[in-house]
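The numbers here are math on the coordinates, done by the rules we state, and not lab data. Treat the numbers as computed from the prediction; the structure is a model and nothing was measured. Glycine gets a Cβ as well: all are built from the backbone with ideal geometry, and neighbour counts include every protein chain shown.
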Amino acid sequence: MNLFLLSFTFAGFLAVVLMLEGVYLLWNFYRSAEAQRLQARLRLLSAGERLSLESELLKADLKSRLPKAYRWLLGMNRLRKLDRMLLQSGLQRSVPGLLAWSTLFGFVGLVLGALLPLPWWAAPLCAAALGALPLLRVLFARGRRLFAIEQQLPDALDLMGRAMRAGHAFPTAVQMVANEGPEPIAGEFRITFDEVNYGVPMIDALGNLAARVPVADLRFFVVAVAIQRETGGNLTELLDKLARLVRERFRLLGLLRVLSAEGRLSAWILTVLPFALVAVIHLINPKFIALLWTDSAGLYAVYASVFLMAVGIVWMWRTVKIRF
C-alpha cells in the first residue's frame, strides 16, 4: 500500500511538472519576446504596400519562423486587414489574441443571456454585443492614435522644414522627427527611417508610411514630396505651406465642431432618453412596462421602435459628422 501511494504521488508530481513545462513551452512559442518581435516586424512589413525585393525576402523569412496558426491567419485577407488595424491602434495585441478575447466575451454573453429571464433572441444578441467589445476597443484606440498623429503632423513638418533650412538632407530631417518628435508620430517616422537604412527607396518608404497611417494630411505630404522629387522645387517652402494648411484645417474643423455641438448633444439625448425612460418606468411600475415583451403586440412595437431608432441614430450621426 505504501508503495502504491508512493508511486501515485510520484506520478502526480511528474504530471504537474510536465504540465508546467508544456505551458512554459507554449508561452515561449507564442508570447516570448522573440516571437513578439518577429510578429511586430512582419506586421510592419505587411502594412506597407510598396516592398522591395529585400523586404519581400525578409517577409518570407519571418513568415517561415512564425507559428503555423499565425501564418494561416495572416494568409486570410480580412484577418490581414484586422492585423493592420491592430498595428494602427498601437495596442500590443495580435490577431489570435483578439479573436480569443472576442470568443471569450461572446461565450460569457451567451451564458448571461441564457441564465437571465429574457427572450430567446436575447442570448445571441448579448453574445454579439459582448463579443464586439474587444474590436470596439481596438477601433477606439485606432481612431485616437490616428487623430493624435494628425495633430502632431504640423509640428513635425515644421521641424523637418527647419532642419532642411539649416542644411540637413531630407532623410536626416526624417530622422530628427523620429528622434525628437512626440509619440506616436515619432515611431512612424522611425520605421520609415529604418526602412531607408535597410535599402528601401525614400518614395517607397513614404508610401509605406501613408499605407500604415491612413491620414489624409499625411498622404498629401507624401504626394507633395514625391512630386517635388520628380519636378524639383523648394521643399522647405512646400513643407511650411503644408504645415500652415493643416493648422488652418484644424482651426476650421474646431469651428465647425462648435457650431454643430447643439446637434450632437441633441443626438445623444434622443438616443439615451428612450432607454432611460424604460428603465425608470420598470423601477416604478414593472407590470406596466412588462407588456412590451410579454404581449405580442408589445413585441412588434419594440421591434419597430428599435428599427426606427437605429435609422434615426445613423441619420443624426451622419448629419453631425463633418468631413472635408
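From the list Val222, Val215, pick out the single residue that is closer than 18 Å to Met164 by Cβ and in contact with a helix residue (DSSP H, G or I) (Cβ under 7 Å, 6 or more places away or on another chain).
Matching residue, one of Val222, Val215: Val222.
Please determine whether any residue of the stretch 199-220 is of a type in the set (S, T, N, Q) and surrounded by fewer than 19 Cβ atoms within 10 Å (Cβ to Cβ).
no
Do you know which of the residues in the stretch 138-177 that are touching a residue at least 40 places away in the same chain (Cβ under 8 Å), more than 18 Å from Phe220 (Cβ to Cβ) and under 19 Å from the mean Cα position of the chain (by Cα) is surrounded by the fewest Cβ atoms within 10 Å (Cβ to Cβ)?
Among them, the one singled out is Leu139.
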